[in-house]
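Inspection log for the structure reproduced underneath, given as structure tokens.
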Amino acid sequence: MQIIAIKIYQYDSPIKGEPYKMSNTVLDRFDSTIVEIITNNDITGFGETCPVGPVYQPQHALGARAALQEMGPHLIGLNPLLIQNVYDVMDCSLNGHNYAKAAIDTALWDICGKFYGARVCDLLGGAVQESVPSYYSIGVCPVDEAIETAKRKQNEGYGRIQLKVGGRPVEEDIA
């Protein structure tokens, strides 16, 4: 089996409800990058990388797409089932950019799962639990609003709450 094409797509993933406010930006969507790896066996794998805006961490969506465009040509002709080999070629063709490489990684495992007729979690050693705990992130907002949102989300079943700080007086963050 060989990789014959890698396609890169941009997708705007809308944020449900109010825009998400962090200390120095407001987001109403996430700029997501989807990778499609096509093989000569008519098996296609998909992966995604979705950094949280351009100012949350150094990683950002345009950088992911640029990194994928840089690495992609080096991966054509490789066997996607030999994942470590693909990792090595990615590392030789581009230093760093693990957030972009993660989309390739996910697509490779998707191909392996389809090829072997197995769930990816089983290929990686098996599921150890039936569900994955999630969290709800509360953006920068007035203290009373954050408290009400936290209570509402806990009642909805979120066991973990993340609060954003900054972009307002430090006394409000402390409260």
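Every number here is computed from the coordinates shown, using simple stated rules; none is lab data. The structure displayed is predicted, hence computed values, not measured ones. Counting neighbours? That spans all protein chains shown, and the Cβs are built from the backbone with ideal geometry, glycine included.
So the values come out like this:
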{"quantity": "Over 28 Å between alpha carbons, listed pairs K101/K153; K16/K151; K21/K114", "calculated": "K101/K153; K21/K114"}
{"quantity": "Aspartates and glutamates whose Cα lies under 13 Å from that of K7, excluding same-chain neighbours fewer than 8 positions away", "calculated": "E36, E48, E70"}
{"quantity": "Kirkwood estimate for segment 6-137, i.e. one over the average of 1/r between Cα atoms, Å", "calculated": "16.2 Å"}
{"quantity": "Cα-based shape type of segment 105-172, given that a ≥ b ≥ c are square roots of the gyration tensor eigenvalues and the cut on a/c is 1.5", "calculated": "prolate"}
{"quantity": "Trypsin sites (Lys or Arg not before Pro) within segment 85-175: DSSP coil, no more than 14 neighbouring Cβ in 10 Å", "calculated": "R119"}
{"quantity": "Estimated [θ] at 222 nm from DSSP helical runs (n ≥ 4, -39500 (n - 2.57)) normalised by residues in the chain, nearest 500", "calculated": "-11500 deg cm²/dmol"}
{"quantity": "Rough spin-label spacing in nm, given labels placed 7 Å along Cα→Cβ, for V26 and V120", "calculated": "3.4 nm"}
{"quantity": "Distance between modelled label sites at I161 and F46, nm, 7 Å Cα→Cβ extension", "calculated": "3.4 nm"}
{"quantity": "Rounded to 10°, Cα long-axis angle of helix 61-75 versus longest principal axis of the chain", "calculated": "10 degrees"}
{"quantity": "Cut-off 13 Å, label 7 Å out along Cα→Cβ of V89, residues of segment 39-53 by amide N", "calculated": "39-40"}
